[in-house]
Amino acid sequence: MTRAQRFARLVTVAVVRAPFLWRLFRGRLTRNFDRLAPEWEATRVSRERLAPMVAALESLPDVPARALDVGTGTGAVARLLSELWPGAQVIGVDASPGMIAEARRLGRERYEIADASSLPFDDASFDLVTLNNMIPFFNELERVTKPGGLVAIAFSMGDRTPIWVPLPKVRAGLERRGFAHVADFAAGAGLALLARKDGVS
């Protein structure tokens, strides 16, 4: 791993264990992603790296009316959502202004600069929330997902992903907040998980 990737791994481990630490790391990690934004799409996005997320999304039983991609980066997953469900309203958010600028250049979806630890959306706003190579802020995922809605979390290179949380830890974090595990997926070099929020949408 590069120095920046090692830092991302350190931040991930720390913040999943103690979310309040995010405020200490957010600025530096965001600046790292701003710096990488112009080359991100060309060097780090591919159909193979999206394969775990694709596997999870293709298993969805229903078409989501409203979907949120958290940590959207240059918008690859948001564009995938629009490709799969052209009629859905898709919103991508990221803390990095540089990444959001690239996402807006590349896609037609709605993109906003926003902090995943404090999302600017009402409670129970989304039928589907996706995170690809992203630190999960479990309380916010619970808050913005509709009852009966789904959360899909993927890590494109499995445990070699710099931002990586083992799936049992992801599953436990979601289950403590009222999500039921639906399925795990292995595709390409990565892994994904799908969970449904308890209740009726």
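Quick notes
- Residue selected from region 187-200 under the condition touching a residue at least 60 places away in the same chain (Cβ under 8 Å) and part of a strand (DSSP E or B), by the criterion farthest from Arg44 (Cα to Cα): Leu194
- Residue that is within 28 Å of Glu48 (Cα to Cα) and either aliphatic (A, V, I, L, M) or modelled with pLDDT under 95 (or both), where the choices are Leu128, Leu119: Leu128
- Residue satisfying all of: in region 115-130; hydrophobic (A, V, I, L, M, F, W, C) and surrounded by 23 or more Cβ atoms within 10 Å (Cβ to Cβ); nearest to Phe33 (Cα to Cα) among these: Val129
- Sole residue being within 16 Å of Asn132 (Cα to Cα) and among the charged types (D, E, K, R), chosen from Arg26, Arg44: Arg44
- In region 32-129, counting only helices (runs of 4 or more DSSP H) that sit wholly within it, the ones holding 1 or more residues that are among the small types (Gly, Ala, Ser) and closer than 21 Å to Ala192 by Cα span 47-58, 76-84.
- Some residue of region 94-114 being crowded, with 19+ Cβ neighbours inside 10 Å and without any contact (Cβ under 8 Å) to a residue 24 or more places away in the chain: yes
- A residue that is among the small types (Gly, Ala, Ser) and either in contact with an Asp or Glu (Cβ under 9 Å, 6 or more places away or on another chain) or part of a loop (DSSP other than H, G, I, E, B) (or both) cannot be found anywhere in region 157-177.
- Exactly one residue out of Val90, Val16 is modelled with pLDDT of 95 or more and in contact with an Asp or Glu (Cβ under 6 Å, 6 or more places away or on another chain): that is Val90.
- Hey, Ala154 out of contact with any Leu (no Cβ under 9 Å at 6 or more places or on another chain), closer than 26 Å to Ser82 by Cβ, in a strand (DSSP E or B) and not β-branched (Val, Ile, Thr) or not: no
- Condition met for Phe121 (without any contact (Cβ under 8 Å) to a residue 60 or more places away in the chain, at negative phi and in contact with a helix residue (DSSP H, G or I) (Cβ under 8 Å, 6 or more places away or on another chain)): yes
- Failed criterion for Asp184 (all others in (1) surrounded by fewer than 16 Cβ atoms within 10 Å (Cβ to Cβ); (2) in contact with a Lys or Arg (Cβ under 9 Å, 6 or more places away or on another chain); (3) not in a helix (DSSP H, G or I); (4) not aromatic (Phe, Trp, Tyr) hold): (1)
The values are calculated or read from the model by the stated rules, or taken from the named source; none is laboratory data. Bear in mind that the values here come from a model prediction, so they are computed numbers and not experimental data. Virtual Cβ from ideal backbone geometry, glycine too; neighbours counted across all protein chains shown.
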